[in-house]
Amino acid sequence: MIGRGKTYLLFLIGLAAIVAGFWRTFFGDPLSNDGWHTLHGIASTAWVLLLIVQSLLIGRGSYRLHRRLGWTSLALVALLVGTSSYMVWIELVGDEGFPRDLRLSLVFLDITFLLLFMAMYGLGIAYRRNRRLHSRLMGSTILIGLGPALGRLYAQQIPALHGLAGGLTWTFYTIEAVLIIAIMAELFSKRLSWPFPTLLAIFVAIQAGTIWATGDTFAALARAAGAPV
């Protein structure tokens with residue numbers, strides 16, 4: 001497994017995947033988007049950059065600066081959650097042009113991913129004095145950004161997947177594989193902690209939930225909230 005203080009290398013790989021996945025819709029021409037999408041893209045990118053900087057600070061032993069910078073994340077997370085919530089809302093009630101089942105799956109995923117991000121961040125703050133748990137909880141938040149990015153990237157680059165629906169399936173396979181590798185690395189070091197196994201179980205459950213989301217129960221909830229499904 002990558003050495004302590006070198007986690008920023010993994011975050012850089014994650015950032016590259018996010019940029020590639022959202023190149024057509026954001027990074028290629030960010031100002032072509034409306035204000036909300038632009039603000040959301042900036043906040044999301046800033047979060048990944050913050051993970052990279054924080055990892056670098058830990059690697060250099062700059063713990064005090066790491067803590068001070070960490071508290072500024074409260075404002076960034078508030079902005080990120082606010083813009084993400086608006087993205088979910090317009091996806092729910094707007095005319096996205098997606099087939100019914102895909103639309104319901106995307107709404108379900110966006111809601112659960114947002115809730116999971118908030119839970120991971122909150123627990124990361126709660127366990128801030130436990131460096132091992134804190135780093136794993138905060139670092140794993142990048143998986144939330146990888147979800148929509150990889151789905152788009154796979155759909156764009158692999159025609160055999162037949163669009164975003166197939167891309168989402170391989171997105172979950174990728175995230176779950178990353179978590180399995182992380183668990184195996186911890187088992188090898190004989191220091192297995194609960195965040196990675198818990199997140200693996202959660203992502204498997206969310207993947208299964210996308211099937212439930214296409215059923216009548218979730219569709220009824222979506223219609224009650226104003227979705228045209």
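The values are calculated or read from the model by the stated rules, or taken from the named source; none is laboratory data. As the structure is a prediction and not an experimental result, all values here were calculated from the model. No Cβ is skipped: glycine too gets one built from the backbone with ideal geometry, and neighbour counts run over all protein chains shown.
The residue list 143, 150, 114 contains one member that is free of Cβ contacts under 8 Å to residues at least 40 places away in the same chain, assigned to a helix (DSSP H, G or I) and more than 17 Å from residue 67 (Cα to Cα), which is 114. Per this entry, residue 15 is counted among residues that are in contact with a helix residue (DSSP H, G or I) (Cβ under 6 Å, 6 or more places away or on another chain) and at pLDDT 90 or above. Please find, within the range 71-89, the residue that is farthest from residue 33 (Cα to Cα) out of those that are of a type in the set (Val, Ile, Thr) and assigned to a helix (DSSP H, G or I). The extreme case among them is 77.
Across the range 117-135, the number of residues qualifying as in a loop (DSSP other than H, G, I, E, B) and buried (at least 17 other Cβ atoms within 10 Å of the Cβ) comes to 1.
Looking across the range 117-153, not a single residue is in contact with a Lys or Arg (Cβ under 6 Å, 6 or more places away or on another chain) and among the β-branched types (Val, Ile, Thr).
Quick check, is residue 103 out of contact with any His (no Cβ under 7 Å at 6 or more places or on another chain) and in a loop (DSSP other than H, G, I, E, B)? The answer is no for residue 103.
Condition check ((1) surrounded by fewer than 12 Cβ atoms within 10 Å (Cβ to Cβ); (2) under 21 Å from residue 151 (Cβ atoms); (3) β-branched (Val, Ile, Thr); (4) modelled with pLDDT under 95) across all residues:
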site: 21; (1), (2), (3), (4): no, yes, no, yes
site: 33; (1), (2), (3), (4): no, yes, no, yes
site: 68; (1), (2), (3), (4): yes, no, no, yes
site: 77; (1), (2), (3), (4): no, no, yes, no
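Beta carbons closer than 7 Å, at least 6 apart along the sequence or on distinct chains, pair a first residue in the range 153-169 that is farther than 12 Å from residue 102 by Cβ with a second that is in a helix (DSSP H, G or I) and polar (S, T, N, Q) for 154/171. Could you grab me the full set of residues in the range 155-205 that are part of a helix (DSSP H, G or I), surrounded by 14 or more Cβ atoms within 10 Å (Cβ to Cβ), more than 16 Å from the chain's Cα centre (by Cα) and not polar (S, T, N, Q)? Those that are part of a helix (DSSP H, G or I), surrounded by 14 or more Cβ atoms within 10 Å (Cβ to Cβ), more than 16 Å from the chain's Cα centre (by Cα) and not polar (S, T, N, Q): 155, 161, 164, 165, 166, 182, 183, 185, 186, 197.
The residue that is nearest to residue 221 (Cα to Cα), among those in the range 87-116 that are of a type in the set (Gly, Ala, Ser) and surrounded by fewer than 17 Cβ atoms within 10 Å (Cβ to Cβ), is 94. Within the range 210-222, not a single residue is closer than 20 Å to residue 18 by Cα, assigned to a helix (DSSP H, G or I), acidic (Asp, Glu) and out of contact with any Ser or Thr (no Cβ under 7 Å at 6 or more places or on another chain). Scanning the range 54-66 for residues that are touching a residue at least 24 places away in the same chain (Cβ under 8 Å) and surrounded by fewer than 17 Cβ atoms within 10 Å (Cβ to Cβ), we see that the one that is nearest to the chain's Cα centre (by Cα) is 56. Can residue 44 be described as at pLDDT 90 or above, crowded, with 17+ Cβ neighbours inside 10 Å and over 14 Å from the mean Cα position of the chain (by Cα)? Answer is no for this residue. So, residue 72, is that one over 17 Å from the mean Cα position of the chain (by Cα), within 21 Å of residue 137 (Cβ to Cβ) and hydroxyl-bearing (Ser, Thr, Tyr) or not? Criteria met by residue 72.
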